[in-house]
Amino acid sequence: MTKRRRQLRIGWAIALVVSLTALAAGAGVSSALAADGPSGTATDTASPTSATTTPASASATATPTHKLTLPTPTKTSEPAPSASVTPAPHLPPDTYAPPDGTRFNHPFVRSSAENIRNHILRTIRSVPSGGSINLAEFGLNDNQIVDALIAARKRGVVVQVVANNHNLTNSIANLPPSPSFVRLYNTLGHSTRHARMAADRVSFAKICHSSCRGNGGNVHYKLFLFSSAGEFNPRTGAEVPGKVKHWVTMMGSPNLTTKAAYGQWNHLDTYSNKATYDYYMSWFRQMRADTPLKHPFEQATTGSVHSWTFPKPGTTASNDPLMQGLNGIHCKGATGGTGIQGRTKVRVGAYVFFDSRGRWVAQKLRSLWNAGCDVAIEYSIMGDAVKQILYSPSGRGRIPMRQVVTFFNDGTINAYDHAKYITVSGHYGSNHTAYITWTGTTNISNLGFSSDDTQQVWRSKARFLSYSRDFYTVWREPQALVPSPTSRLGARVGSPGLVLGKGKYSALENN
């Protein structure tokens, strides 16, 4: 027995050295690696239009016609299916059981910048042999994340990754292929099938040629699924009671890029619930097939969260699920400690306000403000027509706003708020003490209607309070600027219009 324990200690020491070596190798990854968004023209100078008649199809991205040049994947030996944990040395190198709740990162705060990144990284490193990791992601450009995924695969974890096509091709201007994703693609292979193995047990890294479940747009999910993660007995491989999380789902605004940590403000929700995990896995399997669905829009309530997924072609203000949700807000009558002095409180964290969706959401927020709601908005970029709606001195006056961006000396935008949420505290429907948070991966723009994109609706005070606290933290940061009431969108960076993903806006995305 003494000799066996000594061998186990040696095995763990070797695993620790390997883990620390990988960490040191990735520590110098440049924060300037690949911005995480597609290009798209969005001058958005038209006057506001009727919110009920503007179709999303006007700006939906068509199926790409470019020829994809793909590297030849290296053959790999797939792990044998296993329903049980394998004892050391195949135990995970970390013992992290990811807690439920919401995490945020602040790129200019040293203690916060890697908060989300480390949460995901440690979870990957804590999945045991026989477990599974399923990631659907717009951007993946992070050597440490890829190292952890490859290491998980080597210890017997099934690793399946679906990413947007720009990670492997030159399909998006100013976004060259991701070297770390190419490495993952070549290591895992890209085939989703194996002659002697169930589809859920085959490891791969692949792209979709547009959205996986629709006919246009792109893969814009930030969806991370883990069968289990936590602490396991080093002698038997059994779970340590109370130290393992099962059926872990993570959804939010961050891509798996170093830019997400060092150049963006992001948020990520974690939820351990089998019904939600299974529902999201059904979406992942649809993405894995990369076959357009006749009816790709889906929604359901699982556990404590209501979720929907796009594409949803032909979306207008009348059938936009976000607008349908916002229509339940009443501005007076907040009680039970909600709202502010009887007024319902609405807070918006939005990367972009663009296109017809940007205008009809802006018109809704303006109507709520004029009706007496307490509204405040944080954003990175918005179209001029949207700004005219939200920042108009008419009615109750200008809605309080902060533009959360930093600029280089030449006017190029450097870091920016990448948030995608709206919170409400107060009178909603027949409930005078409601707490609601809409969050997920979808921006306030039209491109989401043709992309693989998601939204979650939480009716939770704890979830609301997390977003509310972070909203005020960002509001007080020096990078949060009071927008000029007279400047047009392009004035700050010397452009009469706005072409996202190009020139001075090369770091920005329309989706």
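Annotation: peptides 388-400, 125-137, ranked by per-residue average of other Cβ atoms within 10 Å with the highest first, follow the order 125-137, 388-400.
A Stokes-Einstein calculation at 25 °C with viscosity 0.890 mPa s, built on the Kirkwood radius of segment 401-457 over Cα pairs, returns a diffusion coefficient of 174 µm²/s.
Packing, as the average of other Cβ atoms within 10 Å across residues, places the peptides 237-245, 460-468, 371-379 in the order 371-379, 460-468, 237-245, highest first. Shape summary: segment 142-241 maps onto an equivalent ellipsoid whose semi-axes, from the alpha-carbon gyration tensor, are 29, 16, 13 Å in decreasing order. Out of all DSSP beta bridges with both ends in segment 258-397, state the antiparallel percent to the nearest 5. Taking every DSSP beta bridge with both residues in segment 258-397, the antiparallel ones total about 45 percent. Magnitude of the charge dipole for segment 195-237, about its Cα centre and with charges confined to Cβ atoms of Lys, Arg (+1) and Asp, Glu (-1), is about 120 debye. Protection proxy ranking of 154-164, 407-417, by the mean of other Cβ atoms within 10 Å over each peptide's residues and highest first, is 154-164, 407-417.
The fraction of accessible area contributed by carbon and sulfur in segment 122-171 is 39 percent, rounded to a whole number (1.4 Å probe; ligands and nucleic acids excluded). In the structure shown, do any of Lys259/Lys387; Lys345/Lys461; Lys259/Lys420; Lys332/Lys420; Lys332/Lys364; Lys222/Lys259 have a Cα-Cα gap over 19 Å, and if so which? Listed pairs above 19 Å: Lys259/Lys387; Lys332/Lys420. Averaged per residue, segment 240-371 has 33 square angstrom of accessible surface, using a 1.4 angstrom probe with ligands and nucleic acids left out. Each eigenvalue of the Cα gyration tensor of segment 180-297, multiplied by 5 and square-rooted, gives one semi-axis; in descending order these are 26, 20, 17 Å. Which net charge results when you count Lys and Arg as +1 and Asp and Glu as -1 among the other residues whose beta-carbon is under 12 Å from that of Arg343? Around Arg343, the charge tally is +2. Here, P(r) means the percent of Cα pairs in each 10 Å bin from 0 to the largest distance; for segment 240-394 it is 8, 26, 35, 23, 7, 1, 0. Apolar share of the accessible surface for segment 371-488: 52 percent from carbon plus sulfur atoms, 1.4 Å probe. Sparse packing (at most 13 other Cβ atoms within 10 Å of the Cβ) combined with a DSSP loop state is found for the following trypsin sites (Lys or Arg not before Pro) in segment 284-388: Lys294.
The values are calculated or read from the model by the stated rules, or taken from the named source; none is laboratory data. Source: prediction; values computed, not measured. For neighbour counting, all protein chains shown are included, and Cβ atoms are generated from backbone atoms with ideal geometry for every residue, glycine included. Protein only, heavy atoms only, side chains kept; ligands, DNA and RNA dropped before computing areas. Shrake-Rupley method; radii C 1.70, N 1.55, O 1.52, S 1.80 Å.
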